[in-house]
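Contents: one structure, followed by commentary.
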Amino acid sequence: MKGSDLKIKNLSKSFGDTQVLKNISFRVKKGELFSILGPSGCGKTTLLRIIGGFEDPDEGRILMDNQDILELAPNKRGVNTIFQNYALFPHLSVYENIAFPLRIKKYTDGEIKEEVERYLVLARLQDHIRKYPSQLSGGQKQRVAIARALVNQPNILLLDEPLSALDAKLRQHMLIELDSIHDDVGITFIYVTHDQQEAMSVSDYMAVMNKGEILQVGTPSEIYEKPVNAFVADFIGETNFIEGKVTEVGETTGRISVEGLGVLTVDKDCPINVGDRVKLTIRPEKIRITKKEPVFATNPEQFNVIKGKVDEVIYTGFQSKFFVKVNAKYLFRLIKQHVKYYLDEAPISWKDEVFIWWNCDDSYLVEVSAS
Ligand SMILES: Nc1ncnc2c1ncn2[C@@H]1O[C@H](COP(=O)(O)OP(=O)(O)OP(=O)(O)O)[C@@H](O)[C@H]1O
Ligand SMILES: [Mg+2]
């Protein structure tokens, strides 16, 4: 099997008066596991249906290995789709479900046996060959759907929320299996989900969509660490937002005045000017918390220190999550890992007065608007 390279160029689609895809462009390289992530209704399934050939776009092109595939029928595109409900044939055994695409292609019984057995092993279904879909667990049905999609030897596999019918533990397990199947077969996977954890843990690249638009394409760490706007920062993981006005601009940092928090130092992630209104994001794991006021031996100007009061603590063994109230507007969420719980200073608890602080390197400007 070989993967294909896919280029989506300026794709738009409307249903009636509603534009559900707005000038979408991105590229997926051969063999990548590429996730498309976005809230319900943002257009993910519509996009996959257009790639699969089940829906036509109003505008745009789709190039597979530099060939336009829009004119090709779904079964001529070298693309297979796994839908959320698996769509297995209930009256066919596991073996016959997987064999089905090959029977249509008029393979001989011998060829079918050889191919089906290969994918039965890959999807770990050897012990369930004679069972019918109603006799399988959710995870097993999912594996039959994957084997049946792969037996066609597609160049690209489209997966539309393939794990959404499974419970949390099984999702985790199937995700690891999907990842390993992807490594084994080496073809291009385009994986649609609205679960950011799921997407981050397996993807080479991710695209974040909202309201029919692609907001950002990047590696999971780029998207987590350098979100292009507040929507992406909020959608991918938890975060804190702070809004302020630029009062000073230096070479690599700037100072912003924030109502209720004072003056904070920010990294100049993008051009800023005195007077601009900005929004920055700081992730919970990057904020530190102590009862004693911190003292910084080097570069104290890099650190932002804020005094607050613990509003809630959620202890989960390896870490605690704190909600720290600073004033009526700001409730910071932060996470402290317990490397040495009992050797730490006395555990911080509810209603304690605390200092929270972070290095300006660790916050990130997500919005700048000129005054
Ligand atoms: N055939 C159709 N006719 C009219 N509207 C449609 C049709 N298919 C989808 N839509 C609308 O297009 C928008 C995008 O739908 P789509 O199924 O692509 O979203 P999604 O991102 O896959 O959402 P979910 O995460 O809930 O599956 C929705 O507002 C939906 O109601
Ligand atoms: Mg969908």
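Taken over segment 10-50, the criterion of being among the small types (Gly, Ala, Ser) and surrounded by 14 or more Cβ atoms within 10 Å (Cβ to Cβ) is satisfied by 12, 14, 31, 35, 38, 43. Residues in segment 320-362 that are touching a Gly at 6+ places or on another chain (Cβ under 8 Å), surrounded by 11 or more Cβ atoms within 10 Å (Cβ to Cβ) and not in a strand (DSSP E or B): 5 in all. Consider segment 191-200 and keep the residues that are within 16 Å of ligand 2 (Cβ to nearest atom) and within 16 Å of residue 219 (Cβ to Cβ). The one that is modelled with the highest pLDDT is 191. Within segment 67-82, does at least one residue satisfy the condition of being within 16 Å of ligand 1 (Cβ to nearest atom) and outside any helix (DSSP H, G or I)? Checked segment 67-82: at least one residue is within 16 Å of ligand 1 (Cβ to nearest atom) and outside any helix (DSSP H, G or I). Within the set 172, 153, 140, the sole residue that is more than 16 Å from ligand 1 (Cβ to nearest atom), surrounded by fewer than 23 Cβ atoms within 10 Å (Cβ to Cβ) and outside any helix (DSSP H, G or I) turns out to be 153. Taken over segment 233-283, residues that are assigned to a strand (DSSP E or B) and of a type outside the set (S, T, N, Q) amount to 22. Would a scan of segment 89-99 turn up a residue that is at positive phi, more than 16 Å from ligand 1 (Cβ to nearest atom) and open to solvent by 10 Å² or more (accessible area, probe 1.4 Å)? No, segment 89-99 has no match at all. For segment 43-66, the tally of residues that are within 13 Å of ligand 1 (Cβ to nearest atom) and under 20 Å from residue 189 (Cβ atoms) stands at 11. Is one or more of the residues making up segment 31-38 within 22 Å of the chain's Cα centre (by Cα), in a loop (DSSP other than H, G, I, E, B) and within 13 Å of ligand 1 (Cβ to nearest atom)? Yes, some residue in segment 31-38 is within 22 Å of the chain's Cα centre (by Cα), in a loop (DSSP other than H, G, I, E, B) and within 13 Å of ligand 1 (Cβ to nearest atom).
In segment 296-316, which residue that is open to solvent by 40 Å² or more (accessible area, probe 1.4 Å) and more than 25 Å from residue 247 (Cβ to Cβ) is farthest from the chain's Cα centre (by Cα)? Taking the candidates together, the pick is 297. Annotation note: Cβ proximity below 6 Å between a residue of segment 136-161 that is assigned by TED's automatic domain parsing to the domain that holds residue 38 and under 26 Å from residue 29 (Cα atoms) and a residue that is in a helix (DSSP H, G or I) and of a type in the set (D, E, K, R) (sequence gap 6+ or interchain) occurs for 151/115.
The values are calculated or read from the model by the stated rules, or taken from the named source; none is laboratory data. The structure displayed is predicted, hence computed values, not measured ones. Every residue, glycine as well, gets a Cβ built from its backbone with ideal geometry; the counts of neighbours run over all protein chains shown. Keep in mind that these areas ignore ligands, DNA and RNA; they rest on the heavy atoms of the full protein, side chains included. Shrake-Rupley method; radii C 1.70, N 1.55, O 1.52, S 1.80 Å.
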